[in-house]
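Please read the structure below before turning to the comments.
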Amino acid sequence: MSSLSVNHLLGIKDLKKEDIGLIFTTADNFKEVINRPIKKVPSLRDTTIANLFFESSTRTKLSFELAEKRLSADVINFSASSSSVKKGETLIDTVNNILAMKVDMVVMRHPNPGAALFLSKHVEANIINGGDGAHEHPTQALLDAYSIREKHGEVKGKKVVIIGDILHSRVALSNIFCLQKLGAEVMVCGPTTLMPKYIESLGVKVEFNLRKALEWCDVANMLRIQLERQDIQYFPSIREYTMLYGLNKEILDSLKKEITVMHPGPINRGVEITSDVADSEHSIILNQVENGVAIRMAVIYLLAGAQSAN
Ligand code: CP
């Protein structure tokens, strides 16, 4: 397989296992490139990419921008908070105005689930979903699985538990799809109130006890409590949540094996994970961030249909 089966990256659900394999082997090449003294390739010299962020972001926004620049693309950045969206301009009008400036590809983060799909049906450019509400965050899942592959040799057969606010997490959903396509066993763990009712239909194990989940897994992916998406109170207090679901050194050291700790960021230190775990040798959190650039270079490169990685 030398090209992706899709023209847009809207979600992991739409990808074949072979697409993910191709993205990973392409990212391997780009990871080598970004560790060279000259970190840039001319592959996308004639491509213009717009990064449209209707929701706040640090990692995804900077990582896409860096990936685009490493590929020599021309880049324009749009932030809804400082745009004419504030004056009532619609999403389609905003994007069509940007595309009138001859943009080839759009990376978009939006608070509404389905926003990237909607855009893909109405505009000519390739669309990459940088996170749409609580739906999908495909490049995060790809970089997470790539980081597991890097640490453990392969994803197939690995036991991965995703812990925390599953209900509001696009990272959880995209990770479930990605890890299952690659042959991992997936468990979710968190309070009953933060577990979607449909979760078992996705073929994952469900565990409400943190220790049991940690004893089962090879990899624990810790999620942030997304208070900004919670319109009601889902648990009595942050303190109680931390006591029941927070990962700390004491519980990690009491396990009879070593596990790998991941987090998509942003971290709420002292809530879902303590600093001594986040910064420990068990953590691959910053490797995830590094791999994010190579994965996004690979996705952009493949969608642009570029011919050579060098
Ligand atoms: N992991 C992630 O999506 O982080 P940002 O919200 O900072 O982009």
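The values are calculated or read from the model by the stated rules, or taken from the named source; none is laboratory data. Everything quoted here is computed from the prediction, not taken from an experiment. As a convention, Cβ positions derive from the backbone with ideal geometry for all residues, glycine included, and neighbour counts pool all protein chains shown. Ligands, DNA and RNA are excluded from the accessible area calculation, which covers all protein heavy atoms including side chains. Shrake-Rupley method; radii C 1.70, N 1.55, O 1.52, S 1.80 Å.
Here are the numbers for the structure shown:
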quantity: Segment 34-65, subset within 18 Å of G265 (Cα to Cα) and among the acidic types (D, E), residue farthest from the ligand (Cβ to nearest atom); calculated: E65
quantity: Pair list, Cβ under 7 Å, 6 or more apart: segment 54-65 residue not assigned by TED's automatic domain parsing to the domain that holds P113, other residue near the ligand (Cβ under 7 Å from one of its atoms) and in a helix (DSSP H, G or I); calculated: none
quantity: Residue selected from segment 223-249 under the condition touching a residue at least 60 places away in the same chain (Cβ under 8 Å) and closer than 23 Å to S275 by Cα, by the criterion most open to solvent (accessible area, probe 1.4 Å); calculated: R224
quantity: Selected residue [open to solvent by 40 Å² or more (accessible area, probe 1.4 Å) and not hydroxyl-bearing (S, T, Y)] from E200, E136; calculated: E200
quantity: Test for R70: is it in the same structural domain as V293 (by TED's automatic domain parsing), surrounded by 14 or more Cβ atoms within 10 Å (Cβ to Cβ), touching a residue at least 40 places away in the same chain (Cβ under 8 Å) and away from the ligand (no atom under 16 Å from the Cβ); calculated: yes
quantity: Residues satisfying the stated conditions in segment 22-51, i.e. part of a strand (DSSP E or B) and out of contact with any Gly (no Cβ under 8 Å at 6 or more places or on another chain); calculated: T48, I49, A50
quantity: Residue list for segment 151-169, filter: touching a residue at least 40 places away in the same chain (Cβ under 8 Å) and either within 16 Å of the ligand (Cβ to nearest atom) or open to solvent by 10 Å² or more (accessible area, probe 1.4 Å) (or both); calculated: K151, H152, K158, K159, I162, I163, G164, D165, I166, L167, H168, S169
quantity: Test for I176: is it in contact with a Cys (Cβ under 8 Å, 6 or more places away or on another chain) and either closer than 19 Å to G21 by Cβ or within 16 Å of the ligand (Cβ to nearest atom) (or both); calculated: no
quantity: Residues that are part of a loop (DSSP other than H, G, I, E, B) and within 13 Å of the ligand (Cβ to nearest atom), drawn from segment 264-303; calculated: P264, G265, P266, I267, N268
quantity: Where I148 falls short, out of the listed (1) within 16 Å of the ligand (Cβ to nearest atom); (2) open to solvent by 10 Å² or more (accessible area, probe 1.4 Å); calculated: (2)
quantity: Subset tally (residues that are in contact with an Asp or Glu (Cβ under 9 Å, 6 or more places away or on another chain) and either among the hydrophobic types (A, V, I, L, M, F, W, C) or assigned to a loop (DSSP other than H, G, I, E, B) (or both)) for segment 10-21; calculated: 3
quantity: Failed item, numbered, when N175 is tested on (1) of a type outside the set (A, V, I, L, M, F, W, C); (2) open to solvent by less than 20 Å² (accessible area, probe 1.4 Å); (3) in a helix (DSSP H, G or I); (4) in contact with a Leu (Cβ under 9 Å, 6 or more places away or on another chain); calculated: (4)
quantity: Residue within segment 238-252 that is within 16 Å of the ligand (Cβ to nearest atom) and farther than 17 Å from I23 by Cβ present; calculated: no
quantity: Unmet criterion (only one of (1) assigned by TED's automatic domain parsing to the domain that holds Y241; (2) in contact with a His (Cβ under 7 Å, 6 or more places away or on another chain); (3) farther than 21 Å from V261 by Cα) for K197; calculated: (2)
